[in-house]
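These notes are about the structure you will find just below.
The values are calculated or read from the model by the stated rules, or taken from the named source; none is laboratory data. In this text, all values refer to a predicted model and were calculated from it rather than measured experimentally. Here Cβ is always computed from backbone atoms with ideal geometry, including for glycine, and neighbour counts include all displayed protein chains.
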Amino acid sequence: MIASPQTTAPAAGSPPVSPEAGLTYRPNVDIADCGDSLVLIADIPGSSAEAIDVRFEDGVLSIDAAVLPRPAAGTTVRREYGIGGYRRSFQLGDGFDGGQIEAGYQHGVLTVRIPRLAAVQPRTIPVKAS
Amino acid sequence: MSLIPFRTKRSLGMEPPSFSSSSLTDFRNEMNRLFEGFFSRPAVAPGWFDTIEPGRWLPAIDMAETDETIRIRAELPGINPDDVDVSVSEDRLVISGEKKTEAESSGNGWTHRESHFGGFSRAVPLPETVDPSQVSAHYDKGVLTVNLTKSPASTSRKVPVITAG
């Protein structure tokens, strides 16, 4: 029943619903520890890869995302969520390689992989029998 | 004006409450948690006639209408469009499906979780009857949009008032 993803053009005569000025939401985030890296998964529906800014500075990872205007369709009858940007930051500290961070956006979810520096990765030291 | 002699609580035999740095930190963390919870997106959206079964969650929706159409949107980030079902009767729309957990959980495990996983279902009573044969739905960037067309019988009509004489 669900059609393939597509961008809907605003209907003629109905202006798009712009994100509300100044409103910023805190996205829900899951964090997984994969040993050699941390993976951070943030729910950011309605945005795009170009509109998301991921920064790593002084041990702080920050996410700043704008959402795209959505086509309007008449009078609003019910509204359970607002439309605005998303912002959140995490104090990760040293020990992560800021130059190797990768980020991807699909189905409204931002995934950021933050590798640990090789020097601080947990290592298993084999014990030799004499 | 009278002068009240200054007495410390200690001189009155009362010990000031002791705050260790850890209890202050706990208090601050708890307040941060409450504030963040209050201002974050609603975890469970209140529905009109929805009931939440254990282990399931309710997606938030918005609804807008014109004289001929009804449009419903739901924020469903991280869901495979194939895992979403939309069914329509004359006066009710049901959005249901399942959000599967990410593959990253196979590493050392989750250290922090905030998003919803598992089955979800949302039944939305429609303000007017619709034509079940004229429904379209698409999923883009985590947002599901369902467009419905009102039944001709239910679309509002302007009734001319005839004056006698």
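Structure values in brief
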{"read-out": "First in region A:37-54 and free of Cβ contacts under 8 Å to residues at least 40 places away in the same chain, second anywhere and of a type in the set (Gly, Ala, Ser) and in a loop (DSSP other than H, G, I, E, B), Cβ under 7 Å, 6 or more apart", "value": "A:Ala51/A:Ala66"}
{"read-out": "Identity of the residue in region B:72-93, more than 18 Å from B:Val143 (Cβ to Cβ) and of a type outside the set (S, T, N, Q), that ends up farthest from the other protein chains (Cβ to nearest Cβ)", "value": "B:Glu90"}
{"read-out": "Criterion violated by A:Val67 - all others in (1) in a strand (DSSP E or B); (2) buried (at least 17 other Cβ atoms within 10 Å of the Cβ) satisfied", "value": "(1)"}
{"read-out": "Candidates A:Glu80, A:Glu57, filtered to the one that is exposed (fewer than 13 other Cβ atoms within 10 Å of the Cβ) and not hydroxyl-bearing (Ser, Thr, Tyr)", "value": "A:Glu57"}
{"read-out": "For A:Ser89: the one exception among (1) over 13 Å from A:Leu38 (Cα atoms); (2) surrounded by fewer than 18 Cβ atoms within 10 Å (Cβ to Cβ); (3) out of contact with any strand residue (DSSP E or B) (no Cβ under 6 Å at 6 or more places or on another chain)", "value": "(3)"}
{"read-out": "Neighbours by Cβ (under 7 Å, 6+ apart or cross-chain): first from region A:79-98, at positive phi; second at pLDDT below 95 and small (Gly, Ala, Ser)", "value": "A:Gly93/A:Gly59"}
{"read-out": "Residue in region A:18-27 that is within 7 Å of chain B (Cβ to nearest Cβ), touching an Asp or Glu at 6+ places or on another chain (Cβ under 7 Å), at pLDDT 90 or above and within 20 Å of B:Thr111 (Cα to Cα) present", "value": "yes"}
{"read-out": "Flag if B:Thr145 is at pLDDT below 85 and either buried (at least 20 other Cβ atoms within 10 Å of the Cβ) or closer than 24 Å to A:Pro45 by Cα (or both)", "value": "no"}
{"read-out": "Restricting region A:38-54 to residues that are in a strand (DSSP E or B) and in contact with an Asp or Glu (Cβ under 9 Å, 6 or more places away or on another chain), the residue that is surrounded by the fewest Cβ atoms within 10 Å (Cβ to Cβ)", "value": "A:Asp53"}
{"read-out": "Some residue of region B:90-112 being within 24 Å of B:Pro59 (Cα to Cα), exposed (fewer than 14 other Cβ atoms within 10 Å of the Cβ) and modelled with pLDDT of 90 or more", "value": "yes"}
{"read-out": "Residues of region B:72-93 that turn out to be part of a strand (DSSP E or B) and closer than 18 Å to A:Pro45 by Cα, as a count", "value": "5"}
